[in-house]
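Heads up: the structure comes next, in structure tokens.
The values are calculated or read from the model by the stated rules, or taken from the named source; none is laboratory data. Note that the structure is predicted; figures quoted are calculated from it, not measured. Heads up, the Cβs are rebuilt from the backbone with ideal geometry, glycines too, and the neighbour counts pull from every protein chain shown. The protein model used for the area step is the full one, side chains on, heavy atoms only, and it has no ligands, DNA or RNA in it. Shrake-Rupley method; radii C 1.70, N 1.55, O 1.52, S 1.80 Å.
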Amino acid sequence: MSSSASTVESGRAADSKTVPGPILLLGAPGVGKGTQAKELVKLWGIPQISTGDLLRANVSQGTSLGQVAKEIMGRGELVPDSLVNEMVAVRLQQPDTANGYILDGFPRTLGQAGWLDGRLAAQAKSMPVIAVSIQVDYNQLLRRITGRRSCPVCQTIYNVHMNPPKRDGVCDVEGAALVQRADDTEEVFKERMRAYEALTAPVVEHYRALGRFAEVDGDRPIAAIAAGIVAAVERMRQ
Ligand code: AMP
């Protein structure tokens, strides 16, 4: 195990010398992309760009994008590529992306992947992307999704089955009442999985074929998965 992988395991701030560049976290709903992105942010100090979080922020602010996205997300379908790509383009202009970023939940279609690849190819100084696919089996995902609750204040994620808060329904850190995402029901999960199989599984194959691709087993402790991702990225950035 590399030194920075053990840094992730001990949860301390980063000392990794790797310049990570753009990292894509791929995988079905509930595999832990968001959780892993936060681990990598702590290690590398590069931003997490979650298209799901950006869309939810648009919904709660009532922007025109949010008004379009709300119903689509509520049904577990995908927001049109043109809208999501534009939202990502704006975010990637922020200076905090200079040494890299972790795209969490993007690209989710071949159209989005083609757009991202073209954008990076057009930037002379850009490092090529590394794609990491996290894998967890269907029944485990269903348990994770339907049990998921989060703190509206500090965003800490709990699971009523596997990682419950000390007091039922209350955040350990903030004492706030935990909330469940509207699309974390079994019915919407099934639609999200259909969308994943039809539209996002081909994206995984696209990046597998390009190389600079790793697959990690997501049915392990958080630190062990993070260590696996870090080791794969460091190997590919050498
Ligand atoms: P997530 O938080 O990544 O599970 O995303 C929640 C929902 O936001 C998805 O079920 C989609 O409706 C929408 N969404 C997030 N990312 C994308 C994307 N890259 N393309 C299209 N829709 C997205």
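Listed values, structure above:
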read-out: DSSP loop trypsin sites (Lys or Arg not before Pro) with at most 15 other Cβ within 10 Å: longest gap in the chain; value: 18-124
read-out: Share of carbon and sulfur in the accessible heavy-atom surface of the chain [1.4 Å probe, %]; value: 52
read-out: Built amide H within the under 5 Å cut-off of S133, gap 5+; value: L26, A214, E215, V216
read-out: Span from the the range 48-105 Cα centroid across to the the range 195-212 one, whole angstrom; value: 20
read-out: Positive-pole candidate from V233, A177, F189, dipole of the range 174-238, charges at beta carbon; value: V233
read-out: CD proxy at 222 nm, helix term only [per DSSP H run n ≥ 4: -39500 (n - 2.57); per residue of the chain; nearest 500]; value: -14500 deg cm²/dmol
read-out: Per residue value of the accessible surface for the chain (all protein chains in place, 1.4 Å probe), Å²; value: 49
read-out: Relative contact order (%) - the chain, alpha-carbon pairs under 8 angstrom, separation at least six; value: 30
read-out: Ellipsoid equivalent to the range 43-140 - semi-axes via the Cα gyration tensor, in Å; value: 23, 18, 14
read-out: Residues whose placed amide H lies under 5 Å from that of S50, excluding near-sequence neighbours; value: D104
read-out: Candidate lysines - alpha carbon under 21 Å from K17, same-chain residues fewer than 8 apart omitted; value: K38, K42, K125
read-out: Computed accessible area, L116, all protein chains, 1.4 angstrom probe, square angstrom; value: 0
read-out: Around Y101: net Lys/Arg minus Asp/Glu count, Cβ-Cβ under 15 Å; value: +3
read-out: Per-residue HN-Hα couplings for the range 63-78 [Karplus 6.51, -1.76, 1.60; θ = phi - 60°; Hz; x = Gly/Pro]; value: 5, 5, 4, x, 5, 5, 6, 3, 5, 4, 5, x, 8, x, 8, 9
